[in-house]
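Everything below concerns the one structure shown next.
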Amino acid sequence: MFLNRREMELRKVRFEETFQPGEIEFFDQKLWQAGPLSTAGSAELLPNTNGEIRVRGSLEVLMECECDRCLEVAQFPLKLSFDLFYEPVEEGPADAEVALEAEDSTIDFYQGEGLVLEDVLREQVLLALPMRRICREDCKGICPVCGQNRNRGDCGCKPVILDDRWAALREL
Ligand SMILES: [Zn+2]
Ligand SMILES: [Zn+2]
C-alpha cells in the first residue's frame, strides 16, 4: 500500500491491512512470516514542516526463523506499536549522503511522493526481532562431533577441547 503525500495534504490517511506471508519481502531466506500480518494506523503530513510525515500504528504477526544454534524453527510472536517520523529528501547523489549520515538518528527519510507501508512494516518487524535468534533461551544447539540436535537428548560425545591449530602449536 502506498501512503501518498498528496492525499495527506488533504486528510490523514488511515490504513487497516492484512498482509499474507510472501506479500512483504524480508530479503532473508532464514526468516519468514508464519501467518498473516495485521496492521492498523494512520499517516499524516505534519503542519509547519518541510513535508515531514508521521506514521503511527500497530502490527501483529508470527515470525519464524532458523534457530542460530540448532537450525530448528524458532518462533517470534510480535505485537508492537510504532510512532515514526519521516523527512523528505530530494533525489540525487548529494542527498544519498544525507540519508547515510542520519542512519543512527531516530528520523527516517522518504523519497518522492510518499512511503510504501510494506517497507515501514518490514523495518519494524526486523527491529523487533532479537539479534540472537534462538528457539529458546536454553537451546543446547547441535553437537559439533556427531551433528545431533542436543535438545533431543544427549548423544554422549566427548566435548572437543583442542582443535587442529592448537595441536600444531603443541608440537613446536
Ligand atoms: Zn535452537
Ligand atoms: Zn554428538
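The values are calculated or read from the model by the stated rules, or taken from the named source; none is laboratory data. Just so you know, these numbers come straight off a predicted model, no measurement behind them. Backbone-built Cβ (ideal geometry, glycine too); neighbour counts: all protein chains shown. Only protein heavy atoms, including side chains, enter the accessible area calculation; ligands, DNA and RNA are left aside. Shrake-Rupley method; radii C 1.70, N 1.55, O 1.52, S 1.80 Å.
Some points to look at:
- Hits among lysines - C-alpha to C-alpha of K30 under 28 Å, sequence gap 8 or more where chains match: K79, K140
- FRET E, pair D119, V73, Förster distance 30 Å, beta-carbon r, rounded to 0.05: 0.70
- In this label model, R152 and L46 are separated by 5.3 nm, measuring between points 7 Å along each Cα→Cβ vector.
- Treating r as the C-beta distance of L80 and R136 and R0 as 35 Å, the FRET efficiency rounds to 0.95.
- Accessible surface of region 2-139, 1.4 Å probe, proportion on carbon and sulfur as whole %: 47 percent
- Gain upon complete extension [T18, E90; 0.36 nm per residue less C-alpha separation]: 22.8 nm
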